[in-house]
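*Asks:* Okay, handing you the structure first.
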Amino acid sequence: GHGSRLKCRETAAGGGVRAMAFEEKLAKVREAHPVFAQHFLAYAELRDAVDGGGVAKLMGLLRQELDRINDFVNVELVALKNGLQTRRKKLSHGSPDAVEAEGLENLGKDIKRLNVFIETNYEGFQKVMTMCAERPETIACSWFRERVEAAPFRHHAFDDLLLPLGELFAALRKDQPGADEPSIRKLTAQALPLSGEGNCQSFFLPAKEAMQAKVALLKHLRPGGVMQKVKTTQATRDTSRVVGQLSKQLVHVYFEGMEGTQYAERHKRRVGCSSPTARPNGVLLRCRLAAPPSGEGGAPGDWTDPELEVEVDVESEHGVVSVCTLPQKAMAALLQGQVDPKYKSAAAKTAAEVIERDGLRPAVSTAFLRSSFMADAKGAAAASEVASLDEFIVFRDEATLVGAKGWCAAATRAGGAVHTNLPTVCFPGAILRVWLPEAASLELVRVVGLEGIELKHIPGFSDALHGIALVHRELAFPTPPWMSQEELAPEQPGRSTLLTPRRPQKAGAAHAASASSSGAKERAHRPAPAASASAVALAGRALCSSCCPQRQTVRDDASKPLLVDCKTPLAIERTLLRWMRSTVLLASLSAFLISGSTAPAQLSGLLLGLVSVVFVVLPAHSYRQRSLELACPKSRQPKVDRLMPTLMAWSLIIILSATVLLSAPE
């Protein structure tokens, strides 16, 4: 008892320290944004309600605060949209005050302030939910976290604000060029193609600074998005609306084999450090997918579409990148080392040869939302992408995709680019990529005004190296320089997911297997490295310590203690009592039938009596087992018990069938 009380005091003390830290942060945010000071979350009142332990009062206050914040954010968003729409209409009519510099600056500040308001309130709700889960009196309120996650104030699209703001800034630069415009044009003229992995300079920044970086880039670069009209016409009137699409959903898939040749070659080129497994003439592969077109009413596109285009980047040993475009239906043949005759090209042939020679397969993928920023087009010249900001970056272990119909996780089902059951690791922050040489990239960051943001330049950063080090730790040698051994989870003995067959070979693939038997025999004689289980680590924790804490790993932690709601034991007891009630009914019916005078009735009563005895033992055993699981210190997902309902149903079917057969006339 003393140990339990001491633990409760320590937990309460830790929660109090976190609460005080957030209260100080909230006070600073209110001071920095006095316009919204009175509209932030009533965090002190919620904390006092949690300390009081009154569930009814706490739930009422939570609902009230969530509704109030939802309404306030909606009003502010509508006001900003109307202001931007009015300016766009004035611009189309040639009004000179549509692109007034001070007004656009204020709109940018309003967008950033609203984003800070949303993120701060969401963090406050998360703190309150954590305090509720740590206290037995209020643990029943922790389910409100799901309602906060689905709240409208968190799911408003800022693209509808940023895209028209960028168009207005572009019009302002055209009418009133700034003093730094010549230098920006000179820098953007050095833009490099997007197909090369090493053509960009990467900068890490906290997720909370992403909106500020976007607004700063829009002041000097054109947004790489479009305003699209979404048709939602009703029977009586046209309710179509115009939405902005600045962020694009992308998926990059990287290949690897059991020997780690792709990792070693990529590490040598990007970082400059060679590895014993690096090939003298290695070829690097990467596949790129873009989100499919949206359906009617803005519905998500179908990622399983066999005609969806996949861009395959083939980087030669000399650093020359060739790109071939294949439909998804041709990827199955490519993974077997073959090229569909309809889509033959030099790049596709080279990719198939490398896959066959090195035994490559999709090993890791990264899914993210990318906001692109273009240089101002001059005359008829096409605008080139200069910078891009990647958010919500998720790394997946593609090697665990066994027996699936799709060639990668994104192609397994509609919308699979976001939600899959594969082991995933979220990158804790955002990545700014500048598609210029290193010196020009640093100069552009200075000219645009991003020096005030917490940027960290990472030379040689590669998504493939980072992802392999996270989900295939056994192949990450040497470790990427931006990651330390302490930031990675230790290797654990076991079978690597890259050693598991991707899918069973079908009969129709016998010809392909015979054609590739020579390459398979050659690979069989190569020494394989020591296999170990794929490890997951939060490598970005030290790199971006100020990133939002909710964007961490999404893999379940088996060592996390199980938090049991007080209603759960009572529910288990009610289940036992209901089974016993059914057993009493069966036993009573059995006694009544046994006392009868006919043989069929007595036989039915005897069988029902045996069933009653069985269903005294089974529910009691299940109750004891579930009660012991609640005391287990490790988390465990409960399973549905289908044994007893199925056994009861079959028992009654057999007894009733026997009664009918015996009672039927000869």
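*Asks:* Of all residues in the stretch 349-371, which are over 23 Å from Thr412 (Cβ atoms) and either open to solvent by 10 Å² or more (accessible area, probe 1.4 Å) or in contact with a Gly (Cβ under 6 Å, 6 or more places away or on another chain) (or both)?
*Replies:* Lys349, Thr350, Glu353, Glu356, Arg357, Asp358, listed by residue number.
*Asks:* Which residue pairs have Cβ atoms closer than 8 Å, lie 6 or more positions apart in sequence or on different chains, and pair a first residue in the stretch 459-488 that is free of Cβ contacts under 8 Å to residues at least 40 places away in the same chain with a second residue that is part of a loop (DSSP other than H, G, I, E, B)?
*Replies:* Thr479/Leu488; Gln485/Thr479
For every residue, the table says whether it meets (1) in contact with a His (Cβ under 7 Å, 6 or more places away or on another chain); (2) among the hydroxyl-bearing types (Ser, Thr, Tyr); (3) in contact (Cβ under 8 Å) with a residue 60 or more places away in the chain.
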| position | (1), (2), (3) |
| --- | --- |
| Val75 | no, no, no |
| Thr86 | no, yes, no |
| Lys90 | no, no, no |
| Asp97 | no, no, no |
| Glu102 | no, no, no |
| Asp110 | no, no, no |
| Val116 | yes, no, yes |
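*Asks:* Hey, another quick one. Return yes or no: is Thr120 polar (S, T, N, Q), closer than 20 Å to Phe40 by Cβ and either open to solvent by less than 50 Å² (accessible area, probe 1.4 Å) or touching a strand residue (DSSP E or B) at 6+ places or on another chain (Cβ under 8 Å) (or both)? Spell out how you get there, then give the answer.
*Replies:* On the way: polar (S, T, N, Q): yes; closer than 20 Å to Phe40 by Cβ: yes; either open to solvent by less than 50 Å² (accessible area, probe 1.4 Å) or touching a strand residue (DSSP E or B) at 6+ places or on another chain (Cβ under 8 Å) (or both): yes.
Yes: the conditions hold for Thr120.
*Asks:* Can you name every residue in the stretch 90-113 that is more than 13 Å from Ala171 (Cβ to Cβ) and open to solvent by less than 40 Å² (accessible area, probe 1.4 Å)? If you could, list the steps in order and put the result at the bottom.
*Replies:* Narrowing the stretch 90-113 to residues more than 13 Å from Ala171 (Cβ to Cβ): 102, 105-113.
Across the stretch 90-113, the qualifying residues are Leu107, Gly108, Ile111.
*Asks:* Name the residue, out of Pro645, Pro600, Pro633, Pro619, that is modelled with pLDDT under 80 and either part of a helix (DSSP H, G or I) or surrounded by fewer than 14 Cβ atoms within 10 Å (Cβ to Cβ) (or both).
*Replies:* Going through Pro645, Pro600, Pro633, Pro619 in turn, just one is modelled with pLDDT under 80 and either part of a helix (DSSP H, G or I) or surrounded by fewer than 14 Cβ atoms within 10 Å (Cβ to Cβ) (or both): Pro633.
*Asks:* Of the residues Ala299, Ala346, which single one is at pLDDT below 90 and surrounded by fewer than 17 Cβ atoms within 10 Å (Cβ to Cβ)?
*Replies:* Ala299 is the lone residue from the list that is at pLDDT below 90 and surrounded by fewer than 17 Cβ atoms within 10 Å (Cβ to Cβ).
*Asks:* Run Asp67 past the list (1) open to solvent by less than 10 Å² (accessible area, probe 1.4 Å); (2) under 28 Å from the mean Cα position of the chain (by Cα) and report the number of the one that doesn't hold.
*Replies:* Every condition holds for Asp67 apart from (1).
*Asks:* Which pairs turn up if I take residues in the stretch 52-72 that are without any contact (Cβ under 8 Å) to a residue 24 or more places away in the chain and look for partners that are open to solvent by less than 30 Å² (accessible area, probe 1.4 Å) with beta carbon separation below 8 Å, at least 6 apart in sequence or on another chain?
*Replies:* Listed by first residue and then by second, the contacts come to Gly52/Leu58; Lys57/Ala49; Leu61/Ala42; Leu61/Leu46; Leu61/Ala49.
*Asks:* Tell me, which helices (runs of 4 or more DSSP H) wholly within the stretch 415-524 include 2 or more residues that are modelled with pLDDT of 85 or more and surrounded by 15 or more Cβ atoms within 10 Å (Cβ to Cβ)?
*Replies:* Once the helices (runs of 4 or more DSSP H) in the stretch 415-524 are filtered for at least 2 residues that are modelled with pLDDT of 85 or more and surrounded by 15 or more Cβ atoms within 10 Å (Cβ to Cβ), what remains is 438-448, 463-471.
*Asks:* Output the residues belonging to the stretch 151-188 that are under 35 Å from the mean Cα position of the chain (by Cα), open to solvent by 60 Å² or more (accessible area, probe 1.4 Å) and of a type in the set (A, V, I, L, M).
*Replies:* Once the filter is applied, which keeps residues that are under 35 Å from the mean Cα position of the chain (by Cα), open to solvent by 60 Å² or more (accessible area, probe 1.4 Å) and of a type in the set (A, V, I, L, M), the stretch 151-188 yields nothing.
Matching residues to (1) out of contact with any Ser or Thr (no Cβ under 6 Å at 6 or more places or on another chain); (2) farther than 25 Å from Gly178 by Cβ:
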site	(1), (2)
Asp67	yes, yes
Asn74	yes, yes
Gly83	yes, no
Arg87	yes, no
Leu91	yes, no
Ala98	yes, no
Met129	no, yes
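Conditions tested, residue by residue: (1) among the hydroxyl-bearing types (Ser, Thr, Tyr); (2) modelled with pLDDT under 75; (3) surrounded by fewer than 22 Cβ atoms within 10 Å (Cβ to Cβ).
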| site | (1), (2), (3) |
| --- | --- |
| Ser202 | yes, no, yes |
| Ala207 | no, no, yes |
| Met211 | no, no, no |
| Lys214 | no, no, no |
| His220 | no, no, no |
| Ala235 | no, yes, yes |
| Val242 | no, yes, yes |
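*Asks:* Let me ask something else about it. Determine, yes or no, whether Ala191 is among the hydrophobic types (A, V, I, L, M, F, W, C), closer than 30 Å to Glu443 by Cβ, at pLDDT 90 or above and touching a Leu at 6+ places or on another chain (Cβ under 8 Å).
*Replies:* Against the criterion (among the hydrophobic types (A, V, I, L, M, F, W, C), closer than 30 Å to Glu443 by Cβ, at pLDDT 90 or above and touching a Leu at 6+ places or on another chain (Cβ under 8 Å)), Ala191 does not qualify.
*Asks:* Output the residues belonging to the stretch 334-387 that are over 30 Å from Pro223 (Cα atoms) and either part of a loop (DSSP other than H, G, I, E, B) or free of Cβ contacts under 8 Å to residues at least 12 places away in the same chain (or both).
*Replies:* Those that are over 30 Å from Pro223 (Cα atoms) and either part of a loop (DSSP other than H, G, I, E, B) or free of Cβ contacts under 8 Å to residues at least 12 places away in the same chain (or both): Gln336, Gly337, Gln338, Val339, Asp340, Pro341, Lys344, Ser345, Lys349, Gly359, Leu360.
The values are calculated or read from the model by the stated rules, or taken from the named source; none is laboratory data. None of the values given here were measured: they were computed from a predicted structure. Using ideal geometry, Cβ is built from the backbone for each residue, glycine included, and neighbour counts are taken over all protein chains shown. Heavy atoms of the whole protein, side chains included, go into the accessibility calculation; ligands, DNA and RNA do not. Shrake-Rupley method; radii C 1.70, N 1.55, O 1.52, S 1.80 Å.
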